[in-house]
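**Student:** Take a look at this one; I'll ask things after.
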Amino acid sequence: MNQTSIDFKNEKPLYLQLAEAIKQKISSNIWKIGMMIPSENELSRELDVSVGTVKKALGLLVQEGVLFRRQGKGTFVATPDFSKSFSRFFRYGQTGDLSGDSPGSVILDMTVIKADSQIAEILHLAAGTEVLKIKRVRTLQKTPFSIEELFLPYERFKGMDKSLIENKLLYPIYNEKFSTPIIWADEYLQPGIADQETAEALGIEIGAPVMCVERLAHTYEDIPVEWRRSFGRGESFRYHIVIR
């Protein structure tokens, strides 16, 4: 952390500036996952801000899941958890919750292709670069709840195969097997209609409403490493936001 991280002339509250500076340290791979960050007193001295400001910034980041605390030890960089992302937008079953069981997956296709102009632009690659295309159906208690298509830079994920990822969460594999932790992601929602493949996978009619959750996931230094599009039943879609 350095003095340029905080602009005392900026109208934005100091604790929010500090929180953003810490996030940048993490995304830039200066502070790594699992690393203990400087103490509140150290940050206060380095940045010439009050301990109260530091506490407020760290508290916000703990609440967001960016950091976590160990009593008697300190504050650490957390591993991002995207495992429940899809359940933020869709409800299933009587409880309307995906969190009770770990989702499974069935790999429909896994091939290496040449990136077209769209994929290349999104993943910051040269057109024609090899990418790994994965198509799979996500299941809960063996019932399909989404079909998704993923694109990964092949050079970074060379060696990935079906046996490695079927019925498993992908992000721990990215981190443990390919040294590529997912640090943050952009997500977009877009309504659509089911084509034949989506309809067959989800057990719905062709042309039925679906909702697409599109995600671009980044590793350190804001490098995009996964473009994913997930399609779920339109009647199961929900959106919730708290505005204060």
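**Student:** Could you let me know the centre-to-centre spacing of the range 125-146 and the range 1-55, using Cα atoms, in angstrom?
**Tutor:** For the range 125-146 versus the range 1-55, the Cα centre distance is 37 Å.
**Student:** Shifting gears a bit: Could you size up the charge dipole of the chain around its Cα centre, putting +1 on the beta carbon of Lys and Arg and -1 on that of Asp and Glu, and report it in debye to the nearest 20?
**Tutor:** 780
**Student:** For each pair in K32/K133; K32/K56; K135/K177; K23/K162; K9/K55, compute the distance between the two Cα atoms and list the pairs where it is over 24 Å.
**Tutor:** With Cα atoms farther than 24 Å apart: K32/K133; K23/K162.
**Student:** What three numbers, in Å, describe the spread of the alpha carbons of the chain along their principal axes, ordered from the longest?
**Tutor:** 61, 43, 35
**Student:** If the elastic network links every pair of Cα atoms under 10 Å, which of L164, L152, L140 fluctuates the most in the Gaussian network model of the chain?
**Tutor:** Looking only at L164, L152, L140, the biggest GNM fluctuation is shown by L164.
**Student:** Same structure again: Quick one: order R238, R136 by neighbouring beta-carbon count within 10 Å, fewest to most.
**Tutor:** R238, R136
**Student:** GNM on the chain, C-alpha springs below 10 Å: top fluctuator among P224, P38, P80?
**Tutor:** Result for the chain, Cα springs under 10 Å: P38 fluctuates most.
**Student:** In the chain, if the dipole is taken from +1 on Lys/Arg beta carbons and -1 on Asp/Glu beta carbons about the Cα centre, which of I173, Q118, V131 is farthest to the positive end?
**Tutor:** With unit charges placed on the Cβ atoms, the residue in question is I173.
**Student:** Further question: Would you list, by chain and number, the aspartates and glutamates whose Cα falls below 15 Å from the Cα of K73, excluding same-chain residues fewer than 8 positions away?
**Tutor:** Hits, sequence-local ones excluded: E40, E42.
No lab work stands behind these numbers, since they all come straight from the coordinates. All values reported here derive from a predicted model rather than from experimental measurement. Note that we place each Cβ from the backbone using ideal geometry, even for glycine, and neighbour counts take in every protein chain shown.
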